[in-house]
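Novice: One structure, pasted below without further comment.
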Amino acid sequence: MKKFFLLSLGMFFLCGLSLSFAGGGAEGGSSSSAQGGPWVPSKDIEYIIPASPGGGSDLWARAMSNAIAANKLSTVTWVPTNRAGGASAVGYNYMLSQKGNEHVILAAHSGAMVSSYVAGWAQKFEDMVEMICILAFDDVTLCTLTTGPYKDIKSLLKAAQDKPGTLKFGSDQRLNSSQYAYEMLKKYAKADFNYVQYDSSGDAATALLGGHVDVAILNPAECLGQVNAGTFTPVATFATERLSGKFSGAPTFAEIGYPQIVLREFRGISATLGMSEGAKKYYEEMGRKVQQTPEFKKYLETNSFTPVFMGLGESQKYASAEMQKIADLFKEVTKK
Amino acid sequence: MFENLSLLFFGFINVFTFDSIAACLFGTVAGVFIGAMPGIGALTGVSVLLPLTFAMNPTAAIIMLAALYYSTMYGGSISAVLLNIPGDTPAICTALDGYKLTEKGLPGKALTTCFMSSFIGGTIGMLILTMSGPFLAQVGLKFGSPELALLILLAMTSIGWLLGDDVICGLFATALGLLFATIGTDQAAGYLRFHFGLPNLMAGISFVPLVIGIFGFSQVIELVTQRGSGERPKIKIKLRDMYLSWAEIKRLLPVQLRSGFMGTFVGVMPGAGGTSASFISYIFERRVNKLGDSFGTGVIEGCAAPESANNAAAAGAFAPLLTFGIPGSSTTALLLGGLMMWGLQPGPLLFTEKPEFVWPLIASFYLGNIICLLVCFAAIPLVLKAVSVSNAVLAPVIFAICVVAAYTTNNSMFDVFFMMGTGVFSYFLKISKVPSAPLLLAFVLSPMLEKYVRQSFDMTRGDPSIFVRGGICWAFILLIFGFCIAPVVVKRVKALRTKT
Amino acid sequence: MNKVAPLVCIPVGLYWIIMGISKYGLWISDGPGGGLFPVLCGLLLIGCGSVLLCRAAKSKEKFFFDRRVFQLVASALAAVLGIYLIGMIPALGIFILLWLRFFEKQPLVKSLAIGAGMALFLFLVFGIALKVPLPLGLLGRI
């Protein structure tokens, strides 16, 4: 009896073992980095989304991973994995904990990097991840209700200058690029709005639709449906040039005399720290390739992204410089 | 309105294609199963299935995901009733009375009540959606932050009714709920608070591991300690018990109708979902129902109210999604993302420009609802077997499910430890007779209150007059005062009567 | 035990109040700050905690500790730690097997069937159908 027990226990162990290998089996396969030649992934890549399902970063990562799979750019799957929370802090800390793991990358968005500079995080984003590439600008616009009193940026700014503290500025969370945009308007255009914080830009758009705020700061993707239907009017863009399509009516701030007011949110890929050069090159190349796929192109177009390519080194430098600029303004604001 | 009916008819004609019906069938069956598994709910289900749908045609794809969404509301009640572990967060209130019914030996009756209420609630929601979806969505938009803050306050004043016999213990539980809710990112300014340097706490405490701990793991402990002491009598289950008598159906119908209407409306409002809908209607029903005082001891009305409300809310959430392209809950936000991926632009134009997409979807709701009901009734004899499994076997099996489910929420081992911690903690609360309902209610509602109050003050730079800005606000304020004063008055009147 | 919970809660409530007032702020930039709700929570905790403490001091009710609770929690904790070693699914399967065999004194074949069956079920549902990246433990690294 005892023998039988031991035997079955052993068999069970084997069962468990094979199970755990079956789980790993999909990820197994030969690693060719050891055989010389360029680095290629030896198992599925964990594509971390530092936000919840359905948000901008989530769609970004899923669109990219689908484009990669549809065009067979990679032998392995890029598995989008949500690690949301703490204004992206959870996702970034996860990246830090995976230091040196070459099969973990992150959907990078400038908003989270702003938070790492100004929201009291223990580390800045450069100390947690390394930028691989920037693939698109996700420009922000100001939108008003078409049926509301403010049809263009001049009348809106004038109202905010004349009656400070009465107009409501719907936005997502504080200590983010949206607040930077708000502070710039205050500093350079002397327009004094009331900052109303919502959980997400989507909620801010809902509030604008209900007439609870006078203006909302939104990415084109977040208001395209409303703009197409004519319920929202884009009155200005924070980009350096006018956007395309339905947004072309909205002037840049330089056009109306405030050249300092510029904000370009960007999206791309970040990697864990301590990744080998070969792996970094691989991801950079994948970024370049995916940008050219018809699926991803279509995604960029429908969401009114502006495609751009900044590779290794360059993207990191650009991101750091932008963040420093934003952090300086926040410092100035909080000093008062 | 008649135009809508003819459009719905057109939708029905289109929904009877092989693709659509297969999608609907798969979605409902998967949804009932996913709903019944503790820890994974509609959100996980939809996000897992979303990538699979990119190859499908958009109508079939959304029919499948929508079916999955509302059928999890059915499934959630199964494990809530049988095992006292809500399959998904909207089923929390169902567990309060449903499991008590199981302990009384009436699990079949509880399940029948749940499914019937789900069906009626869902149908009410769908009818309202068909008839007046765009109008309802307009009304929902009228609810800005101050109105929502007052609505939540109204619900919070009702915590008193949930406190149980011992008010101090109930308040203590409320305080614990608040304590958990304050951990993480603050709702006012976005700063981190009380995270003690732990990245896992920065996002705040996840609701699902908390619920699994409070219900699931503490239930495991109870099963183990009860073993041998003979507290839980072996239940003999007869299928005959699952039928409701005519009198019971008559008793339930007003409850289901009330909760259905209320649930639809809560579902339409921005930011609220099935969980808030079921909480609010459970509290409301407890107040207005004749049997209100015996809620929580195992009455079928206690199952009917939340189940009817959460299904109605699932249907109601589609009103703002289809009318304006704005999500009412995190699951519908995900569906919205799906729409974009399928090449559809959600927005106010969807109804007029894509009737061939919208109306078959709405028609599929009716179809899916009927399939859900049939699937669930067919499953009753099968799932009832779970109750007849001995506690000895049940305990480790439930534990294993709890661990995997807690992990799945955020793919993190931290949640597993947290789940076990809260499980032990809430077991001790249970034997100290501290109720868990106020804790969960405070945990769900207080962050929303904090957020809406902050937004209201943001709008006016600290001027509180915004809370009396319109008719809706005044109505809520009067209700709050009424609800606070009513019990005192009732007590006085009763005291006077006994004197004379 | 009845004293332990209030005794823990009172200092926690105090900490919540102090942090709420000093660090997060009751009222910042014309609105309720991040500290308002923690302070409310702290006050409620201290209030209820002290009443419960007084009550516990008066009552003579002996708290009785069930040994089985400790056994369960300890073995459950061991199973969870086992996840780090051999992965989630095998650890839970083995936990079920051992628990049924040695704690509940169930027949071996039954325990084995339930343990392996559950492991297979969880693996199929979570690992395959839901594509959850379940932890593989040290074994998975090999």
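Read-outs throughout are calculated quantities, based only on the coordinates presented, and are distinct from any laboratory measurement. Everything numeric here is computed off the predicted structure, so don't read it as measured data. Neighbour counts are summed over all protein chains in view; Cβ atoms, including those assigned to glycine, are modelled from backbone coordinates with ideal geometry.
Novice: To check my understanding: the extent here is largest minus smallest coordinate of the Cα atoms along each principal axis. What are those three numbers for the stretch B:2-453, in Å, largest first?
Specialist: Result, largest extent first: 63, 56, 43 Å.
Novice: Also: How big is the gap, in Å, between the Cα center of the stretch A:42-96 and the Cα center of the stretch A:233-259?
Specialist: Here the two parts' Cα centres lie 31 Å apart.
Novice: Can you give the log10 of the normalised intensity I(q)/I(0) at q = 0.12 Å⁻¹, computed with Debye over equal Cα scatterers of the stretch B:292-435?
Specialist: These q points yield log10 I(q)/I(0) values of -0.88.
Novice: Let me ask you something else. In µm²/s, what is D for chain A at 4 °C and 1.567 mPa s, where D = kT/(6 pi eta Rh) by Stokes-Einstein and Rh is the Kirkwood radius from Cα pairs? Before the final figure, lay out each step's value.
Specialist: Values: Rh = 21.6 Å.
D, rounded to a whole number, is 60 µm²/s.
Novice: Using Cβ counts within 10 Å as a stand-in for footprinting exposure, how do B:492, A:288, A:264 rank, fewest first? Mind showing how you got there, number by number?
Specialist: Working: B:492 10, A:288 13, A:264 19.
The fewest-first ordering by Cβ neighbours comes to B:492, A:288, A:264.
Novice: Just going by the charge dipole of the stretch B:2-453, with Lys and Arg at +1 and Asp and Glu at -1 on Cβ, which of B:199, B:386, B:156 is farthest out on the positive end?
Specialist: Final value for the positive-end residue is B:386.
Novice: Just to confirm the number: angle between the C-alpha axis of helix A:56-70 and the first principal axis of chain A, 0 to 90 degrees, nearest 10?
Specialist: Relative to chain A, helix A:56-70 is tipped by roughly 50 degrees.
Novice: To continue, here is another question. Order by neighbour count: B:479, C:44, A:208, fewest other Cβ atoms within 10 Å first, most last. Working shown, then result.
Specialist: Values: B:479 15, C:44 21, A:208 27.
Ordered by Cβ neighbours within 10 Å, fewest first: B:479, C:44, A:208.
Novice: In whole angstrom, how far apart do the alpha carbon centroids of the stretch B:1-55 and the stretch B:178-214 sit?
Specialist: A separation of 33 Å, based on Cα centres.
Novice: I'd like the FRET efficiency for residue A:124 and residue B:353, computed as 1/(1 + (r/R0)^6) with the beta carbon distance as r and R0 of 35 Å, rounded to 0.05. Before the final figure, lay out the partial values.
Specialist: On the way: r = 46 Å, r/R0 = 1.31.
Efficiency computed from Cβ-Cβ geometry: 0.15.
Novice: Per the Debye formula with a single identical scatterer at each Cα and no solvent contribution, what log10 I(q)/I(0) holds for the protein assembly as shown at q = 0.10 Å⁻¹?
Specialist: Cα-only, vacuum Debye calculation for the protein assembly as shown: -1.28.
Novice: Any chance you could check the Cα centroid distance between the stretch B:464-486 and the stretch A:122-178 for me, in angstrom?
Specialist: For the stretch B:464-486 versus the stretch A:122-178, the Cα centre distance is 33 Å.
Novice: Neighbouring Cβ atoms within 10 Å as the yardstick, rank B:286, B:497 fewest first.
Specialist: On the way: B:286 22, B:497 8.
Least crowded to most crowded, the residues run B:497, B:286.
Novice: Something else now. Could you give the nm distance between label points at residue B:388 and residue B:104, where each point is 7 Å from its Cα heading toward the beta carbon?
Specialist: The answer from the label model is 2.2 nm.
Novice: Using only Cα positions of the stretch A:219-327, each an equal point scatterer, no hydration layer, compute I(q)/I(0) via Debye at q = 0.10, 0.11, 0.20 Å⁻¹ and quote the log10 values to two decimals.
Specialist: Values, matching the q order: -0.40, -0.47, -1.16.
Novice: Need one number: nm distance between label points at residue B:250 and residue B:370, each 7 Å from Cα along Cα→Cβ, rounded to one decimal.
Specialist: Once both label points are built, they end up 2.9 nm from each other.
Novice: Mind giving me the nanometre distance, one decimal, between the label points for residue B:132 and residue B:469, set 7 Å out from Cα along Cα→Cβ?
Specialist: 2.4
Novice: Report the FRET efficiency, 1/(1 + (r/R0)^6), for residue A:256 and residue B:287, where r is their Cβ-Cβ distance and R0 is 56 Å, rounded to 0.05. Don't skip to the end; give the middle numbers.
Specialist: Working: r = 56 Å, r/R0 = 1.00.
In this case the efficiency is close to 0.50.
Novice: If you take the beta carbon distance between residue C:105 and residue A:99 as r and set R0 to 60 Å, what does 1/(1 + (r/R0)^6) give as a FRET efficiency, to the nearest 0.05? Mind showing how you got there, number by number?
Specialist: Numbers: r = 47 Å, r/R0 = 0.79.
E between residue C:105 and residue A:99, to the nearest 0.05, is 0.80.
Novice: Taking θ as phi - 60°, what are the ³J(HN,Hα) couplings along the stretch B:464-473 by the Karplus curve (6.51, -1.76, 1.60), each to the nearest whole Hz, with x for Gly and Pro?
Specialist: Rounded to whole hertz, the list is x, 5, 5, 6, 10, 7, x, x, 4, 4.
Novice: Let me ask something else. Just want to confirm a number: the relative contact order over the stretch A:141-247, from Cα pairs under 8 angstrom separated by 6+ residues, in percent.
Specialist: Details: 174 pairs, mean separation 42.5, N = 107.
Computed over the stretch A:141-247, the figure is 40 percent.
Novice: Provide, as a two-decimal number, the C-alpha radius of gyration of the stretch B:9-143 over 2.2 N^0.38 Å, N being how many residues it has. Intermediate results must be reported in sequence, preceding the final value.
Specialist: Numbers: Rg = 16.5 Å, N = 135, 2.2 N^0.38 = 14.2 Å.
Normalised Rg, Cα atoms only: 1.17.
Novice: Right, here's the next one. For residue A:139, what residues show an amide H to amide H distance below 5 Å, using hydrogens built from the backbone and excluding near sequence neighbours?
Specialist: Excluding prolines and chain starts, which carry no amide H, the hits are A:306.
Novice: Let's see if you can work this out: charge +1 on each Lys and Arg Cβ, -1 on each Asp and Glu Cβ, no other charges. What is the dipole magnitude of the protein assembly as shown about its Cα centre, in debye to the nearest 20?
Specialist: Details: 75 positive and 58 negative charges, 613 e Å.
With only Lys, Arg, Asp and Glu charged at Cβ, the dipole is about 2940 debye.
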